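Just so you know, all these numbers are worked out from the coordinates, no wet-lab data involved. This structure is a prediction, so every number in the text was calculated from the model and none was measured. Here Cβ is always computed from backbone atoms with ideal geometry, including for glycine, and neighbour counts include all displayed protein chains.
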Amino acid sequence: MKIRKTYKKDLKEISQLYNKIMSPIFLKVGEKPISSDKYFKILNKNLRNSFMFVLEGNGIKGFIWFTMKSKEYNLEEIFVLDKNMGYGKVLMNYLLKSAKKNKINKINLDVHQKNYQAINFFNKFRFTKRTIEMSRELRWENQD
């Protein structure tokens with residue numbers, strides 16, 4: 001296994017893997033999944049102004065994407081192809097080593113409150129709840 005920089009040529013495969021892995025998770029927590037095409041556009045738009053890395057070993061096994069603002073990292077995405085193989089741990093340790101090297105003071109991330117598997121994963125790395133984000137769905141009938 002090795003971690004390497006993500007290249008533009010990787011984005012289509014990453015987008016397809018994202019859709020395959022994350023769509024069931026979105027549905028499980030009651031959210032609408034992001035299509036492969038939309039995720040590709042998001043990645044492509046952010047490739048040059050953020051940090052994107054793949055975990056590789058007989059193909060892409062995982063992906064991590066983060067941004068830096070001041071002395072903070074914002075973890076935008078982390079996912080792995082196969083769960084319980086230690087791939088997520090490898091990617092998180094890479095993030096933490098990068099943070100130490102760059103003297104980062106804080107790592108921020110958002111996780112859906114019903115995504116218990118992700119919450120438990122981040123808890124293992126001593127992430128704690130900081131804020132509660134709230135929203136309300138608005139559905140208007142016959143908007144004229």
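Considering only DSSP beta bridges with both partners in the chain, what is the antiparallel share in %, to the nearest 5?
So the antiparallel bridges amount to about 80 percent of the total.
How high is the FRET efficiency from Lys106 to Asn58, r the C-beta distance, R0 35 Å, rounded to 0.05? Could the numbers behind the result be given before it?
Numbers: r = 35 Å, r/R0 = 1.00.
For R0 = 35 Å, the calculated efficiency reads 0.50.
So if I average 1/r over every pair of distinct C-alpha atoms in the chain and take the inverse, what Kirkwood radius in Å does that give?
Averaging 1/r across every pair of different Cα atoms and inverting gives 16.5 Å.
Can you pull out the chymotrypsin sites (Phe, Trp or Tyr not before Pro) in the stretch 65-144 that DSSP calls coil and that have at most 15 other Cβ atoms within 10 Å?
On the way: sites: Trp65, Phe66, Tyr73, Phe79, Tyr87, Tyr94, Tyr116, Phe121, Phe122, Phe125, Phe127, Trp140; in loops: Phe125, Phe127, Trp140.
In loop regions of the stretch 65-144 (DSSP not H, G, I, E or B), the sparsely surrounded chymotrypsin sites (Phe, Trp or Tyr not before Pro) are Phe125, Trp140.
Calculated from DSSP H runs of 4 or more alone, at -39500 (n - 2.57) each and per residue, what is the 222 nm mean residue ellipticity of the chain, nearest 500?
Computed mean residue ellipticity for the chain: -11500 deg cm²/dmol.
Over 24 Å between Cα atoms: which of Lys5/Lys71; Lys20/Lys103; Lys69/Lys97 fall into that group?
Over 24 Å apart, Cα to Cα: Lys20/Lys103.
Would you mind calculating the relative contact order of the stretch 22-66 from Cα pairs under 8 angstrom and at least 6 residues apart, reporting the percent as a whole number?
22
Could you work out how much longer the chain between Met134 and Asn74 gets when fully extended? Use 0.36 nm per residue separation minus the Cα distance between them, nm to one decimal.
Full-extension gain reported as 19.7 nm.
Note down the nm distance, to one decimal, between modelled labels 7 Å out along Cα→Cβ at Glu13 and at Lys114.
For the pair Glu13/Lys114, the computed spacing is 3.3 nm.
So which aspartates and glutamates can Lys106 reach, going by Cα to Cα under 17 Å and dropping same-chain residues fewer than 8 places off?
Excluding near neighbours in sequence, the set is Glu72, Glu76, Glu77.
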